[in-house]
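Peer 1: Here it is, the structure, as structure tokens.
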Amino acid sequence: MQALIDRVYDAAIDDSAWCGLGDQIARTFGSTSAVLKVQDSKERVHLVDMTPNLMIDPKHQDWAEHWHRNDLWVEKSVAFGMSKIVTNRDLVPDDDFERTDFYGDWVRHLDIYHMIGAVFPVGEDTIGILGIHRPDRAGSYGNADRRRLAGFLPHLLRAFQLRQKLAKAQLGTAAAFDALERSGSAILVVDGDRSVLFANRIAEQVLRQNRAFCLALGKLEVRQSDLSSRLAGLVQRCVQTASGAMGSPGGTLAIRREGKLPLTLTVAPLRPMAAGCGVSKPAALIFIRDPEALTASAQMSRELFGLTRTEAAVAQALAEGRALTEIAEALGIGMGTVRSHLKQILAKTGTKKQAQLVALLLRCITNP
């Protein structure tokens, strides 16, 4: 029993541990089969695990799915009470049971007759279902079986609840990481020593391509000594603030580059929060913008504002800082045509000036 309890807690944090759990449950309770499944309010059933003898040939899946949705034992167990240990004889007398289609068309073909189990809540509109079975010849379940299952059920229920909480946390984490990748900014997370804890794809690219701002032995460094000490101070103050101390809400600095526009950095506190089974430590969040690496997405501008192909090309060139004369030459059109396109772009984007348009494009539809 202890090995089974350990197994369900393993399954709470590792999906692969559910596989084979049905066999272990059946063996622990001296039975020939077991099934663990969940069912929502729309009667959709997800089979978590089961013993091999309950697995149905794919060509008969419609038949199996019908009876999993219309499980008489589940229906009666819900009426009997959530999280209550029940046997088949608590739910329906043997003579009545043998006259049901559930027995004649399903259970009899699986060579099971006696059942002990429970239904239990695992979410707002979802129940968990545990069924353990024996054939008729093996005899019914007694009070000793009830006591053993009563000792195991709270652990199974807790494992399902933990799994649900972890799934929500993992979904939030996955969404956060995806947002960081799609933000259009280079984003780093560093600790108080400026050791990098996380870098999104764009940040990795910026660190590879810039000599003035890079990693040295895993730590974030600025080659300019005056800025290096400023960055170190900003990071340390933000980490202290993230730890709960009264301190800096963050700050900014610009890193000069020879022959290029400067990189701009924004540093902010990143407070610890639950992450899976652990808790992250206080850190600093660094946003890096490279103005020379940002271009407006022509495809996005067409989708958002209904621009034509040429208008989108003009808008993209403006966002890249090109003059109207350069745009006309690059596109092979006259200045009058470029101005006409610009007028249409301003009207479609709801902007009044070229500078306002560029700001809109860079804020809304830039790609690194």
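The values are calculated or read from the model by the stated rules, or taken from the named source; none is laboratory data. Keep in mind that this is a model prediction, so the values were computed, not measured. Backbone-built Cβ (ideal geometry, glycine too); neighbour counts: all protein chains shown. Keep in mind that these areas ignore ligands, DNA and RNA; they rest on the heavy atoms of the full protein, side chains included. Shrake-Rupley method; radii C 1.70, N 1.55, O 1.52, S 1.80 Å.
Peer 1: Explain nothing, just compute: Karplus ³J(HN,Hα) = 6.51 cos²θ - 1.76 cosθ + 1.60, θ = phi - 60°, for every residue of segment 321-334 in order, whole Hz, x for Gly and Pro.
Peer 2: x, 7, 6, 4, 5, 5, 5, 4, 5, 5, 8, x, 10, x
Peer 1: Tell me, what is the 1.4 Å probe accessible area of I25, in Å² to the nearest 10?
Peer 2: Number for this one is 0 Å².
Peer 1: Follow-up question, since we're still on this one. Which percent of the Cα-Cα distances in the chain go past 40 Å? Please report the intermediate quantities before stating the final value.
Peer 2: On the way: 32180 of 67528 pairs.
For the chain, the share of Cα pairs beyond 40 Å comes to 48 percent.
Peer 1: Quick query: amide H of Y113 versus all other amide H atoms, modeled in the peptide plane; which residues come in under 5 Å with a sequence gap of 5 or more or a different chain?
Peer 2: R134, D136
Peer 1: Related question: How many times 2.2 N^0.38 Å is the alpha carbon radius of gyration of segment 1-51? Please report the intermediate quantities before stating the final value.
Peer 2: Working: Rg = 11.7 Å, N = 51, 2.2 N^0.38 = 9.8 Å.
With N residues counted in segment 1-51, Rg over 2.2 N^0.38 Å equals 1.19.
Peer 1: Any of K76/K168; K76/K165; K37/K59; K59/K84; K37/K168 with alpha carbons more than 24 Å apart? Name them for me.
Peer 2: On the way: K76/K168 31 Å; K76/K165 29 Å; K37/K59 21 Å; K59/K84 35 Å; K37/K168 19 Å.
Cα-Cα > 24 Å for K76/K168; K76/K165; K59/K84; rest within.
Peer 1: Using protein chains only and a probe of 1.4 angstrom, how many square angstrom of E311 are accessible, to the nearest 10?
Peer 2: Approximately 10 Å² for this residue.
Peer 1: At a Förster radius of 45 Å, what calculated FRET efficiency corresponds to the Cβ-Cβ distance of S195 and F80, to the nearest 0.05? Display every interim value, and only then the final one.
Peer 2: On the way: r = 57 Å, r/R0 = 1.27.
After rounding, the FRET efficiency stands at 0.20.
Peer 1: Using only Cα atoms, what is the ratio of the radius of gyration of segment 24-77 to 2.2 N^0.38 Å? All intermediate terms of the calculation are to be shown ahead of the outcome.
Peer 2: Numbers: Rg = 12.0 Å, N = 54, 2.2 N^0.38 = 10.0 Å.
Output field value: 1.19.
Peer 1: For the pair A144 and E258, how long in nm is the line joining their label points, each one 7 Å along Cα→Cβ?
Peer 2: In this crude spin-label approximation the distance works out to 8.6 nm.
Peer 1: Relative contact order of segment 111-168, please, whole-number percent, based on alpha carbon pairs below 8 angstrom and at least 6 residues apart. Before the final figure, lay out the partial values.
Peer 2: On the way: 55 pairs, mean separation 20.4, N = 58.
Answer for segment 111-168 is 35 percent.
Peer 1: Under a point spin-label approximation (7 Å from Cα along Cα-to-Cβ), what is the R137-H109 distance to one decimal in nm?
Peer 2: 2.1 nm
Peer 1: Let me ask you something else. Kirkwood-based Rg over Rh for segment 64-121 (C-alpha set), two decimals?
Peer 2: Here the Rg-to-Rh quotient is 0.94.
Peer 1: Here's another thing I want to ask about it. What residues have an amide H closer than 5 Å to that of L270, excluding those fewer than 5 places away on the same chain, when H is modeled at 1.01 Å from N in the peptide plane?
Peer 2: A242, A283, A284, L285
Peer 1: Here is a follow-up. How much accessible surface does T241 have with a 1.4 Å probe, in Å² rounded to 10?
Peer 2: Roughly 10 Å² of T241 is accessible to a 1.4 Å probe.
Peer 1: Follow-up question, since we're still on this one. Could you tell me which GluC sites (Glu not before Pro) in segment 182-266 are loop residues by DSSP with no more than 13 other beta carbons within 10 angstrom of their beta carbon?
Peer 2: Values: sites: E204, E221, E258; in loops: E258.
Sites meeting the loop and neighbour criteria: E258.
Peer 1: Here's a follow-up. Across segment 28-174, how large is the tail of the calculated P(r) beyond 28 Å, expressed as a percent of all Cα pairs?
Peer 2: 18 percent
Peer 1: Taking a probe of 1.4 Å, how large is the accessible area per residue of the chain, in Å²? Don't skip to the answer; put the middle values down first.
Peer 2: On the way: 19620 Å² over 368 residues.
Here the residues of the chain average 53 Å² of exposed surface.
Peer 1: Taking the Cβ-Cβ separation of E124 and D14 as r and a Förster radius of 25 Å, what is the calculated FRET efficiency to the nearest 0.05? Spell out each step's value before the answer.
Peer 2: Values: r = 25 Å, r/R0 = 0.99.
Once the sixth-power term is evaluated, E becomes 0.50.
Peer 1: Let me ask something else. With an 8 Å cut-off on Cα pairs and a minimum separation of 6 or more residues, tell me the relative contact order of the chain in percent. Intermediate values should be presented prior to the final figure.
Peer 2: Details: 555 pairs, mean separation 39.5, N = 368.
Rounded, it is 11 percent for the chain.
Peer 1: With all protein chains present, how much of the accessible area of the chain (probe radius 1.4 Å) comes from carbon and sulfur, to the nearest whole percent?
Peer 2: On the way: 10160 of 19620 Å².
Roughly 52 percent, rounded to a whole number.
Peer 1: Would you please calculate the Kirkwood hydrodynamic radius of segment 1-112 over all C-alpha pairs and express it in Å, rounded to one decimal?
Peer 2: Radius from the Kirkwood sum: 15.4 Å.
Peer 1: Mind checking segment 1-74 for trypsin sites (Lys or Arg not before Pro) that DSSP puts in a loop (not H, G, I, E or B) and that have at most 10 other Cβ atoms within 10 Å?
Peer 2: Values: sites: R7, R27, K37, K42, R44, K59, R69; in loops: K42, R44.
Those satisfying the criteria are K42.
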